[in-house]
Amino acid sequence: MIIDSWTVYWNEYSADTYLYGSKIQFHKKNDIEFENRLMPPGTVIKKWYSKTNFQIHKVEPALPIIDGESQYQIEVDMDCEENESYLFRLVFFDKFGKEAGAVAIWDKVTDFTCPLKTYSYQLELINGGMTHFHFHSVVIREISDDTEADDSTTK
């Protein structure tokens, strides 16, 4: 069961985006075309943050606040060539800015939980061998475990 849902778009042109040799076209809010034939695999293409220092990053947080007590689902809406792939990575940080954990996302839909000590996190789009893609959105959902709810009502 879905409790809450947030849609994340690629709103900024240059903030935390790999621009070297990249061609980026903003067709619509939910259709960003990216092309870079020379970018090596493993390169971080774009980052989104749940907490920012506006004076440093010059962007507002794009990710919702999440906690370590809930379960979440992330759904990627992105089109790339059939033989090319992407990788998303969620990186969780504690209140001192030290990495507290990470989750790699290869599939369109992935369930995850974050560490209990998560204070902030970031989402990274990483080149998994792509040269051209259309990014539409990423949806983060807070979900409940229906099996636990069923168990509690039968006891």
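The values are calculated or read from the model by the stated rules, or taken from the named source; none is laboratory data. From a predicted model like this one, the values you see are computed outputs, not experimental measurements. Cβ: placed from backbone, ideal geometry, glycine included. Neighbour counts: every protein chain shown.
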Output for the range 25-38, where each listed residue is out of contact with any Ser or Thr (no Cβ under 7 Å at 6 or more places or on another chain) and either outside any loop (DSSP other than H, G, I, E, B) or within 14 Å of G129 (Cβ to Cβ) (or both): Q25, F26, H27, K28, D31, I32, E33, L38
Members of the range 1-17 that are closer than 23 Å to G129 by Cβ and either without any contact (Cβ under 8 Å) to a residue 60 or more places away in the chain or surrounded by fewer than 13 Cβ atoms within 10 Å (Cβ to Cβ) (or both): D16, T17
Test: E124 is touching a residue at least 12 places away in the same chain (Cβ under 8 Å), part of a strand (DSSP E or B) and either β-branched (V, I, T) or closer than 23 Å to Y20 by Cα (or both): yes
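Name every residue in the range 49-72 that is in contact (Cβ under 8 Å) with a residue 24 or more places away in the chain and either more than 29 Å from T131 (Cβ to Cβ) or touching a Pro at 6+ places or on another chain (Cβ under 6 Å) (or both), in order of residue number.
Matches in the range 49-72: Y49, S50, K51, P64, I66, D67, G68, E69, S70, Q71, Y72.
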Subset tally (residues that are of a type in the set (A, V, I, L, M, F, W, C) and part of a loop (DSSP other than H, G, I, E, B)) for the range 72-98: 1
Filter result for L63 (among the hydrophobic types (A, V, I, L, M, F, W, C) and under 30 Å from S144 (Cβ atoms)): yes
Selected residue (only one of I105, I56, I66, I45 is farther than 15 Å from T7 by Cα and at pLDDT below 95): I56
